[in-house]
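Okay, structure first, notes after.
The values are calculated or read from the model by the stated rules, or taken from the named source; none is laboratory data. Remember, predicted model here, so these are calculated numbers, not experimental data. Neighbour counts are summed over all protein chains in view; Cβ atoms, including those assigned to glycine, are modelled from backbone coordinates with ideal geometry.
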Amino acid sequence: MAVPFTTIAGERVLLRPFRVEDAVDIAESCQDPEIRRFTMMPEEMTEAQAREWIEQRLARWDQGLFAFAITLPPSDRCIGQMGILLEPQFRRGEAFYWLDRQHRGQGIASEALNLITDWAFSEHGLARVHLVTHVDNPASQRVAERCGYQREGILRAWEPVKDDQPDVVMWSRLPEDLGLYRSGPTS
């Protein structure tokens, strides 16, 4: 059965399924050394490769891989990716994201991560959403922390990423953790 495409709207951010027209923006964003280093995005991605990547993501929607373009309405331009791979048999999902360098540091990734996490809990009845960040990527770790994700520890040589198998930091959020990020930190 085909899973219908959906959008998820926040205060500033709109998450929508990727479109082939996003290939130009994706290829341009993926020239950033940080995206190449810290994500699974292909190195030196061309526009043609980006189109193929988009088609692969859309084809996996029915398999529980929900990859969304991050946009800032009224612009429909893709400025990043926010996604989640659902594992309904375990009632869990793994979130993943990247953001174009010119939009970092503005709370956009945090809003997008909160949107996808809330959507996974409310629409898919998950008990857990987790994500991993490269140990050398403090910006991504701050996003996870701001969104109420709890640091669980270091996973050594977790999974292949291009020509490496780096250590990563595991983060998770449970539905009962929601009050943590909504009310802000208590010091």
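Summary of computed values
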| read-out | value |
| --- | --- |
| Restricting segment 77-103 to residues that are of a type in the set (D, E) and either in a strand (DSSP E or B) or without any contact (Cβ under 8 Å) to a residue 60 or more places away in the chain (or both), the residue that is surrounded by the fewest Cβ atoms within 10 Å (Cβ to Cβ) | E87 |
| Identity of the residue in segment 118-148, in a helix (DSSP H, G or I) and among the hydroxyl-bearing types (S, T, Y), that ends up nearest to the chain's Cα centre (by Cα) | S140 |
| Answer residue from segment 58-76, given it is surrounded by fewer than 18 Cβ atoms within 10 Å (Cβ to Cβ) and of a type outside the set (A, V, I, L, M, F, W, C) and is nearest to E11 (Cα to Cα) among those | P73 |
| Criterion: basic (K, R), at pLDDT below 95 and on the phi < 0 side of the Ramachandran plot - qualifying residue of R19, R77, R37 | R37 |
| Failed criterion for P138 (all others in (1) within 22 Å of Q165 (Cα to Cα); (2) surrounded by 13 or more Cβ atoms within 10 Å (Cβ to Cβ) hold) | (2) |
